[in-house]
Amino acid sequence: MTAKDRETRSDIYTRITERIVADLAKGTRPWVQPWNAGKASGRITRPLRHNGQPYTGLNVLLLWSEAVARGYSTTMWMTFRQANELGAHVRKGESGATVVYASRFTKTEVDAAGGEVERDIPFLKAYTVFNCD
């Protein structure tokens with residue numbers, strides 16, 4: 001892992017932590033019902049990808065927080081590329097919300113004794129999504 005990779009990863013953690021701390025400073029606990037039933041037309045739902053699949057984990061908190069802060073009424077989010085593929089447009093100057101994808105992959109390495117060892121390597125990727133409002 002290069003120094004730049006470590007810096008990018010810590011930057012992601014820092015940005016997410018700062019967002020949660022800012023919500024807490026405003027008196028909002030982002031994990032406790034941050035939505036407004038009036039905006040959701042009587043339905044309370046998790047944030048959804050453009051294809052209708054719900055976000056999970058920390059992304060739910062991040063997108064709820066972003067939707068409340070900006071007053072979005074829809075729960076649908078998509079990347080810039082997905083918007084282009086669907087023929088939609090992201091307004092010039094629009095800023096998106098950061099979401100993360102965390103997973104792991106298995107790498108086979110040769111140990112000092114010459115045997116093969118499988119090692120799980122976790123990774124975290126951040127990307128930007130835009131609300132469909």
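The values are calculated or read from the model by the stated rules, or taken from the named source; none is laboratory data. Quantities reported herein were computed from a predicted structural model and do not represent experimental measurements. Methodologically, a virtual Cβ is constructed for each residue, glycine included, from the backbone with ideal geometry; neighbour enumeration extends over all protein chains shown.
Details
- In the condition set (1) without any contact (Cβ under 8 Å) to a residue 24 or more places away in the chain; (2) part of a strand (DSSP E or B); (3) surrounded by 11 or more Cβ atoms within 10 Å (Cβ to Cβ), V60 is compliant with all but (2).
- Residue match in segment 79-92 (condition: over 10 Å from F130 (Cα atoms), modelled with pLDDT under 85 and either acidic (D, E) or within 15 Å of the chain's Cα centre (by Cα) (or both)): no
- Residues of segment 103-133 satisfying the condition of being surrounded by 12 or more Cβ atoms within 10 Å (Cβ to Cβ) and without any contact (Cβ under 8 Å) to a residue 60 or more places away in the chain: F123, K125, Y127, T128, F130
- Matching residues, segment 117-131, being among the aromatic types (F, W, Y) and farther than 19 Å from H89 by Cβ: F123
- In segment 34-67, the qualifying residues are those that are modelled with pLDDT of 75 or more and polar (S, T, N, Q), and the one that is nearest to L24 (Cα to Cα) is S65.
- In segment 80-133, the residues that are within 25 Å of R19 (Cα to Cα) and in a loop (DSSP other than H, G, I, E, B): V90, R91, K92, G93, E94, S95, G96, C132, D133
- Qualifying residues in segment 71-99 (those that are in contact (Cβ under 8 Å) with a residue 60 or more places away in the chain and in contact with a strand residue (DSSP E or B) (Cβ under 7 Å, 6 or more places away or on another chain)) - the one farthest from V60 (Cα to Cα): Y72
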